[in-house]
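Some notes on the structure that comes next.
Nothing in this text is a laboratory measurement; each read-out follows from the coordinates by a stated rule. Values in this document were obtained by computation on a predicted structure and should not be read as measured data. All Cβ positions, even for glycine, are placed from backbone atoms using ideal geometry, and neighbour counts span all protein chains on display.
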Amino acid sequence: MADVKIAAEVREEFGKGASRRIRQQDKVPAVIYGHGGDPVHVTLPGHATMLALKNSNVLITLDIAGREELVIPKAVQRDALKGFLVHLDLLVVKKGEKVTVEVPLVTEGDLAPGAGLLEHVLSALPVEAEATDIPQSLTVSVQGLNTGDSVLAKDVQLPQGTSLAVDGEDIVVQVVQPQAEEPAAGAENGEEGATA
């Protein structure tokens with residue numbers, strides 16, 4: 001799991017205008033929640049934060065005026081068109097504490113010869129893991145699967161100390177029959193090539 005250190009500034013201004021000014025300075029407005037404390041509004045450096053978020057479930061050590069706070073991203077808002085960071089919600093975590101997060105799934109292996117198409121029902125698997133030991137991704141083997149076969153959440157190998165946060169019978173991936181293409185309009189009635 002990636003562990004990143006970022007300097008944060010406490011912010012006193014709130015609202016859309018203040019947030020817009022923060023983003024114009026290549027910074028990101030964020031709110032830190034958790035452990036029964038009042039939410040803390042901070043400003044984060046834009047580039048460093050964007051790089052940190054390239055790792056799923058990154059553990060971030062925030063330096064807030066000399067005080068360190070361990071957080072994980074809970075909600076990330078991006079601009080729909082340009083993709084830049086608009087706002088972050090960060091959750092305070094403690095070493096040894098369990099958190100529920102979604103971990104990306106990666107498939108490996110080849111389907112059986114002549115099998116159908118692999119359908120990803122879930123792209124990430126909700127799990128409960130220690131905040132300082134969240135897996136970057138989970139691997140799902142699809143080796144030799146045939147049409148009609150599926151892999152369930154309970155079949156995914158989890159690292160020690162990590163447990164499912166969903167029903168074990170939930171389908172993660174399945175192999176489906178390819179859909180036949182629709183015939184061209186008129187072709188099903190034998191009208192192809194007919195002259196008037």
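When the dipole is taken about the Cα centre of segment 68-151, and only Lys, Arg (+1) and Asp, Glu (-1) are charged at their Cβ, what size is it in debye, to the nearest 20?
Approximately 220 debye in magnitude.
Within the chain, what's the longest run with no GluC sites (Glu not before Pro) in a DSSP loop and at most 14 other beta-carbon atoms within 10 Å? Give the range, please.
Excluding the exposed sites themselves, the longest stretch runs over 14-96.
Give the shape of the chain as rounded, prolate or oblate, defined through the alpha-carbon gyration tensor: a ≥ b ≥ c are the square roots of its eigenvalues, a/c under 1.5 means rounded, and otherwise the shape is prolate if a/b is larger than b/c and oblate if not.
Oblate shape, in that a/c is at least 1.5 and b/c is the bigger or equal ratio.
What chymotrypsin sites (Phe, Trp or Tyr not before Pro) in segment 1-105 are in a loop by DSSP, with at most 12 other Cβ atoms within 10 Å of the Cβ?
Phe14, Phe84
In the chain, what percentage of the DSSP-assigned beta bridges are antiparallel, given to the nearest 5?
Values: 36 of 50 bridges.
Counting DSSP beta bridges with both partners in the chain, the antiparallel share is about 70 percent.
Roughly how many Å is it from the Cα centre of segment 3-53 to that of segment 135-173, as a whole number?
When both Cα centres are located, 35 Å separates them.
Could you sort out which of Lys5/Lys94; Lys54/Lys82; Lys5/Lys82; Lys16/Lys74; Lys16/Lys95; Lys94/Lys154 sit more than 23 Å apart by Cα distance in this structure?
From Lys5/Lys94; Lys54/Lys82; Lys5/Lys82; Lys16/Lys74; Lys16/Lys95; Lys94/Lys154, over 23 Å: Lys5/Lys82; Lys16/Lys95; Lys94/Lys154.
Calculate for the chain the 222 nm mean residue ellipticity that helices alone would give, adding -39,500 (n - 2.57) per DSSP H run of length 4 or more and normalising by residue count, nearest 500 deg cm²/dmol.
Only helices count here, giving -2000 deg cm²/dmol.
Taking segment 1-65, which trypsin sites (Lys or Arg not before Pro) meet the DSSP loop condition and have no more than 13 other C-beta atoms within 10 Å?
Lys54
Measuring from a point 7 Å past the Cα of Lys5 along Cα-to-C-beta, which residues in segment 61-89 have an amide N at less than 18 Å?
61-72
Quote to one decimal, in nm, the extra length available between Arg78 and Lys54 on full extension: 0.36 nm per residue of separation minus the C-alpha distance between them.
Additional length available on full extension: 7.3 nm.
Pop the C-beta distance of Thr61 and Ser150 into the FRET formula with R0 = 35 Å and round what comes out to the nearest 0.05. Numbers along the way, then the final one.
Working: r = 40 Å, r/R0 = 1.14.
According to the calculation, E is roughly 0.30.
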